[in-house]
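Down below is the structure, laid out as structure tokens.
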Amino acid sequence: QQQVKQSPQSLIVQKGGISIINCAYENTAFDYFPWYQQFPGKGPALLIAIRPDVSEKKEGRFTISFNKSAKQFSLHIMDSQPGDSATYFCAASSIQGAQKLVFGQGTRLTINP
Amino acid sequence: KAGVTQTPRYLIKTRGQQVTLSCSPISGHRSVSWYQQTPGQGLQFLFEYFSETQRNKGNFPGRFSGRQFSNSRSEMNVSTLELGDSALYLCASSFLAGVAGELFFGEGSRLTVL
């Protein structure tokens, strides 16, 4: 019940295209859903996050869509650029364990120029 | 503002040895969390410290331990190392504990166990 399932494992998108990564969770106590971006040799860095009281959050080219009833959320990267090539992790946490993030397995995104 | 600093960045140990990893959080941050990252298991939560107290613990054996000092710096220790402990150990800091928000990760300490 603590798992967060992420798909796909890897994704190749052409420059200018839309990258979509999906995540699903079981634990209804989760109430914070961040996405982290990790480049090789670096630690993960927060990209965007959402709470279940909204269905969508947009920051620049990055959008989180959240479906509370389906217990699913997704990351959309519009106008994908080669610099977006990285590994993306979805995560979830509950108020009781706010700093205890449960991460998805990660998606290695490659943007072809 | 300096980021999260982890030392050492790389280390090699042999089975049965122990290792201590260090983390200096962002100035002013009082919560420090540790994560293990491996290709097979991904990112897994180890433990979280706030004001020198362990607030949360992940599902790792007792060989994994940690502590936090009064200046918020943290250390984690792994005793009786096993091959499966080879991983990137990431430290993350945040200003508050108990409130979901951005975790700032360091670049990690890469441990290889031979």
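Observations, loosely collected:
- The set of residues in region B:15-39 that are away from chain A (no Cβ under 14 Å), open to solvent by 70 Å² or more (accessible area, probe 1.4 Å) and in contact (Cβ under 8 Å) with a residue 60 or more places away in the chain comprises B:15, B:17, B:18.
- Candidates in region A:25-41 are the residues that are within 10 Å of chain B (Cβ to nearest Cβ) and in a strand (DSSP E or B); of these, the one that is surrounded by the fewest Cβ atoms within 10 Å (Cβ to Cβ) is A:31.
- Among residues of region B:54-75, those that are in a strand (DSSP E or B) and at pLDDT below 95, counted: 4
- Only one entry of B:102, B:107 meets the criterion of being surrounded by fewer than 19 Cβ atoms within 10 Å (Cβ to Cβ), at pLDDT below 95, within 13 Å of chain A (Cβ to nearest Cβ) and more than 10 Å from the chain's Cα centre (by Cα), and that entry is B:102.
- Boolean, residue A:31 is over 23 Å from residue B:34 (Cβ atoms) and among the charged types (D, E, K, R): no
- Elements of type strands (runs of 3 or more DSSP E) contained in region A:42-113, each with 2 or more residues being open to solvent by less than 50 Å² (accessible area, probe 1.4 Å) and more than 10 Å from chain B (Cβ to nearest Cβ): A:45-50, A:62-67, A:72-77, A:86-94, A:107-112
- Within region B:55-84, considering residues that are surrounded by 19 or more Cβ atoms within 10 Å (Cβ to Cβ) and in contact (Cβ under 8 Å) with a residue 60 or more places away in the chain, the one nearest to the other protein chains (Cβ to nearest Cβ): B:78
The values are calculated or read from the model by the stated rules, or taken from the named source; none is laboratory data. Predicted model, so just to flag it, every value in this text is computed and none were measured. Cβ sites come from the backbone with ideal geometry, for glycine too, and all protein chains shown count toward neighbours. Accessible surface areas use protein heavy atoms only, side chains included; no ligands, DNA or RNA. Shrake-Rupley method; radii C 1.70, N 1.55, O 1.52, S 1.80 Å.
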